[in-house]
Amino acid sequence: MPDALLVADERAERGSRPAGRLRARGLVPAVVYGLGGDSVTVTVSARELNNILQSESGVNTVITLAVDGAEQLTLARQIQRHPVRGELLHVDFVRVDPDVRVAAEVPVNLEGEPAGVKSGGVLEQLVFTLSIEAKPSDIPNSLSADVSALEIGDQIRVTEIALPPRVVAMQDDEELVAQVIAPRVEVEEEPAEGEESELAEGDEGAAAVEAAEGTEPDAGGEGTARDSGGE
């Protein structure tokens with residue numbers, strides 16, 4: 001993975017107001033720490049940092065941070081953006097040793113169209129980033145899994161994702177990454193056997209009750225309809 005060079009300037013002022021003034025000038029407040037060294041507050045160019053974060057390597061780009069002429073290898077972490085405008089608000093730069101493995105989150109891309117999807121199934125992806133450990137220069141830009149051979153009911157787990165040399169997955173080998181499931185079909189429930197006849201009998205009974213309530217016996221013992229109109 002190629003490194004990126006980013007110039008940083010130390011800053012003395014802290015707080016929300018000074019930080020707001022820096023952002024208005026196109027700068028991002030940041031802090032540099034790690035490897036047992038002192039924490040240093042700095043500013044970097046928002047445009048240049050954005051270009052690095054939007055590169056192929058993204059947040060896993062190894063950044064050579066030049067602070068007052070002294071260069072140190074870092075990774076950008078704890079990146080904060082404005083929830084609406086998306087502008088960079090703050091970032092941590094963590095110092096890294098080129099010979100020591102570090103933790104990283106790497107995107108997982110699914111490749112191909114599953115055979116099961118062509119048969120009407122649905123592809124589900126459950127893991128979108130994989131936690132790995134590797135030396136900074138060995139961190140891959142992304143990982144891929146070929147799903148073209150998956151039939152309905154087939155699955156891919158973490159252990160089946162091919163990792164580059166010297167890269168170790170930090171998630172459970174059996175964790176489900178993707179699967180092809182059968183399409184969900186809504187089936188209208190039919191009345192159980194005997195239920196339909198019971199409903200019919202109930203309707204007939206209700207009709208008989210209504211008829212009985214609308215009649216009264218006459219002197220001859222036969223029912224006659226009540227005169228609803230009165231006299």
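The values are calculated or read from the model by the stated rules, or taken from the named source; none is laboratory data. On a predicted model such as this, the values are computed, not experimentally measured, just so you know. Neighbour counts are summed over all protein chains in view; Cβ atoms, including those assigned to glycine, are modelled from backbone coordinates with ideal geometry.
Starting from region 109-126, keep only residues that are under 12 Å from residue 155 (Cβ atoms), then list their pairs with residues that are among the hydroxyl-bearing types (Ser, Thr, Tyr) whose Cβ atoms are within a distance under 9 Å, requiring at least 6 positions of separation or different chains.
The qualifying pairs are 114/148.
Which one is farthest from residue 161 (Cα to Cα) among residues in region 76-108 that are buried (at least 17 other Cβ atoms within 10 Å of the Cβ) and free of Cβ contacts under 8 Å to residues at least 60 places away in the same chain?
Looking at residues that are buried (at least 17 other Cβ atoms within 10 Å of the Cβ) and free of Cβ contacts under 8 Å to residues at least 60 places away in the same chain, I get 76.
If I ask for residues that are in a helix (DSSP H, G or I) and either on the phi > 0 side of the Ramachandran plot or without any contact (Cβ under 8 Å) to a residue 60 or more places away in the chain (or both), which ones from region 9-19 would you list?
16, 17, 18
Just one of 73, 6, 22 is over 29 Å from residue 167 (Cβ atoms) and either outside any strand (DSSP E or B) or out of contact with any Phe, Trp or Tyr (no Cβ under 7 Å at 6 or more places or on another chain) (or both); which is it?
On inspection, the qualifying residue turns out to be 22.
All but one of (1) among the β-branched types (Val, Ile, Thr); (2) in contact with an Asp or Glu (Cβ under 7 Å, 6 or more places away or on another chain); (3) farther than 23 Å from residue 13 by Cα hold for residue 96, so report the exception by its number.
With (1) among the β-branched types (Val, Ile, Thr); (2) in contact with an Asp or Glu (Cβ under 7 Å, 6 or more places away or on another chain); (3) farther than 23 Å from residue 13 by Cα applied to residue 96, the lone miss is (2).
Taking region 43-54, which residues are more than 20 Å from the chain's Cα centre (by Cα) and surrounded by fewer than 14 Cβ atoms within 10 Å (Cβ to Cβ)?
Residues satisfying the conditions are 47, 51.
Scan region 1-23 for residues that are under 34 Å from the mean Cα position of the chain (by Cα) and within 20 Å of residue 52 (Cα to Cα) and jot them down.
1, 2, 3, 4, 5, 6, 7, 8, 22, 23
Before we move on, is residue 13 of a type in the set (D, E, K, R) and either within 26 Å of residue 105 (Cα to Cα) or surrounded by 18 or more Cβ atoms within 10 Å (Cβ to Cβ) (or both)?
No.
Please work out if residue 91 is in contact with a helix residue (DSSP H, G or I) (Cβ under 8 Å, 6 or more places away or on another chain), at pLDDT 95 or above and not acidic (Asp, Glu).
Answer is yes for this residue.
Give me the strands (runs of 3 or more DSSP E) completely within region 125-180, filtered to those with at least 2 residues that are under 30 Å from residue 3 (Cα atoms) and under 19 Å from the mean Cα position of the chain (by Cα), ordered by residue number.
Here the list reads 129-134, 143-146.
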